[in-house]
Amino acid sequence: MRRVYLDHNATTPTHPEVVKEMLPYFEEVFGNASSIHLFGQQARKAVDGAREKLAEFIGAKPEEIVFTSGGTEADNFAIKGIAYANESKGKHIITSSIEHHAVLNTCKYLEKQGFQVTYLPVDEYGFVDPGDMMKAINKETILITIMHANNEVGTIEPISEIGKIAKGKEIIFHTDAVQSLGKIPVDVNELNVDLLSLSAHKIYGPKGIGALYIRKGTRIQPLIHGGHHEKNRRAGTENVPGIAGLGKAIEIVKTSIDKESIYLTDLRNRLCSGISEKIDCVYLNGHSRKRLPNTLNMSFEFVEGESIILNLDMKGVAVASGSACTSGSLEPSHVLKAMGVAPAVAQGSIRFSLGKDNTEEDIDYVLEVLPEIISRLRAMSPLYKRKKE
Ligand code: PLP
């Protein structure tokens, strides 16, 4: 059976060149990067080299990069680290209602510790309004954290504009760029950010490694205490193979991002128009243009997203739904809910996230199997039958 992986926003396959780059650091170059002997120095060279590549790619200085265990830790570090280091100035944080749970649940945790958090609404496309943000700022505001691109619908937020406002008000600004890095340009100066989270496994790198960019001079408290690693900002022996892999993934994506963006936009549009032509009662979630090139989120009315996923899986196609299954009940996605999508429609939403190895044949295969799945599922829906009568 043909296998088509369309869940690249969840994770990407590790690039073979990345695996090749990592392997020596498990075997011959196994040293601890903090050791002063040759074994250690070889490992240190790999860590420093990757740091330089990453810093250059996002317009930062190498010393402004702190390696973490991934995007979730980077988000936690940014938000808690800034909150704890600056609480004497104020205890108010601004975020959006469509952030990843790595941000939302960190903010909720801080609320329990006496911080106040404003969750900004979004419009029907998932955009945060910088005007709303301006209004939410008060004397106590110490941090604004808004994601660069949304993982479910792909909407790209006006980060540069928000950053300008934050800078004018001298408020620290963090963005979660886990989904945007490697897909659209990410430059910390153009985006006007003080902190930026990223993760390797979304860009064909290994899982369990990421980084937080921290602009020089930003007051932040470390979350992990121990040795003096990462200039006292994140203790723990460095994940040398992971860091080397992240560096290689950056090196590869740097040369391919422009071409890939055009390729994936075309492929995604082929999928979107094919679905719209072949299936009725479908809606696009997110903005038609200001969106990640690889992401397509659609709602199929009168069907459950989970049923579509399972049926597509049986045909060898991997996609994700916009709903999270909690305690047996199907909760619609918080992102679609915030965008005002009706719960019944949101429950039938599917996220297709494409990657560099997908082909036109993959898309045509999905367009061949999906209409039959939808019509079979809808045959069981009295609501759909009533609509058609
Ligand atoms: N932020 C966003 C927007 C994400 O999409 C993800 C992962 O899906 C994360 C953070 C968490 O990253 P990681 O899986 O590296 O912890």
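Table for the structure above
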quantity: Test result for HIS8, closer than 30 Å to VAL366 by Cα and open to solvent by less than 30 Å² (accessible area, probe 1.4 Å); calculated: yes
quantity: Any hit, the range 188-202, residues being open to solvent by less than 10 Å² (accessible area, probe 1.4 Å) and away from the ligand (no atom under 16 Å from the Cβ); calculated: yes
quantity: So SER180, is it in the same structural domain as GLU157 (by TED's automatic domain parsing), within 11 Å of the ligand (Cβ to nearest atom) and in a strand (DSSP E or B); calculated: no
quantity: Criterion violated by ILE162 - all others in (1) out of contact with any Pro (no Cβ under 6 Å at 6 or more places or on another chain); (2) surrounded by 23 or more Cβ atoms within 10 Å (Cβ to Cβ) satisfied; calculated: (1)
quantity: Qualifying residue in the range 29-37 (condition: under 21 Å from the mean Cα position of the chain (by Cα) and either of a type outside the set (Lys, Arg) or surrounded by fewer than 17 Cβ atoms within 10 Å (Cβ to Cβ) (or both)); calculated: no
quantity: The range 167-177: number of residues that are open to solvent by less than 20 Å² (accessible area, probe 1.4 Å) and either within 13 Å of the ligand (Cβ to nearest atom) or assigned to a loop (DSSP other than H, G, I, E, B) (or both); calculated: 5
quantity: Selected residue (criterion: least open to solvent (accessible area, probe 1.4 Å)) from residues of the range 45-60 that are in contact (Cβ under 8 Å) with a residue 12 or more places away in the chain and among the basic types (Lys, Arg); calculated: ARG51
quantity: Selection count, the range 153-192, where residues are among the polar types (S, T, N, Q) and under 12 Å from the mean Cα position of the chain (by Cα); calculated: 4
quantity: Enumeration of residues in the range 114-129 that are open to solvent by less than 20 Å² (accessible area, probe 1.4 Å) and farther than 18 Å from VAL335 by Cβ; calculated: PHE115
quantity: Scan of the range 92-113 for residues that are within 13 Å of the ligand (Cβ to nearest atom), open to solvent by less than 70 Å² (accessible area, probe 1.4 Å) and among the polar types (S, T, N, Q), ordered by number; calculated: THR95, SER96, THR106
quantity: Options GLU368, GLU361; residue that is at pLDDT 95 or above, loosely packed, with under 13 Cβ neighbours inside 10 Å, outside any strand (DSSP E or B) and not hydrophobic (A, V, I, L, M, F, W, C); calculated: GLU361
quantity: Considering residues of the range 72-91 that are open to solvent by 10 Å² or more (accessible area, probe 1.4 Å) and farther than 18 Å from VAL178 by Cβ only, the residue farthest from the ligand (Cβ to nearest atom); calculated: SER88
quantity: Per-region count, the range 210-259, residues under 13 Å from LEU181 (Cα atoms), of a type in the set (A, V, I, L, M, F, W, C) and open to solvent by 30 Å² or more (accessible area, probe 1.4 Å); calculated: 1
quantity: Within the range 66-152, helices (runs of 4 or more DSSP H) holding 3 or more residues that are over 23 Å from the mean Cα position of the chain (by Cα) and not assigned by TED's automatic domain parsing to the domain that holds ASN232; calculated: none
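The values are calculated or read from the model by the stated rules, or taken from the named source; none is laboratory data. Quick caveat: nothing in here was measured; it's all calculated off a predicted structure. Methodologically, a virtual Cβ is constructed for each residue, glycine included, from the backbone with ideal geometry; neighbour enumeration extends over all protein chains shown. Ligands, DNA and RNA are stripped out before the accessible areas are found, and what is left, the full protein with its side chains, is counted by its heavy atoms. Shrake-Rupley method; radii C 1.70, N 1.55, O 1.52, S 1.80 Å.
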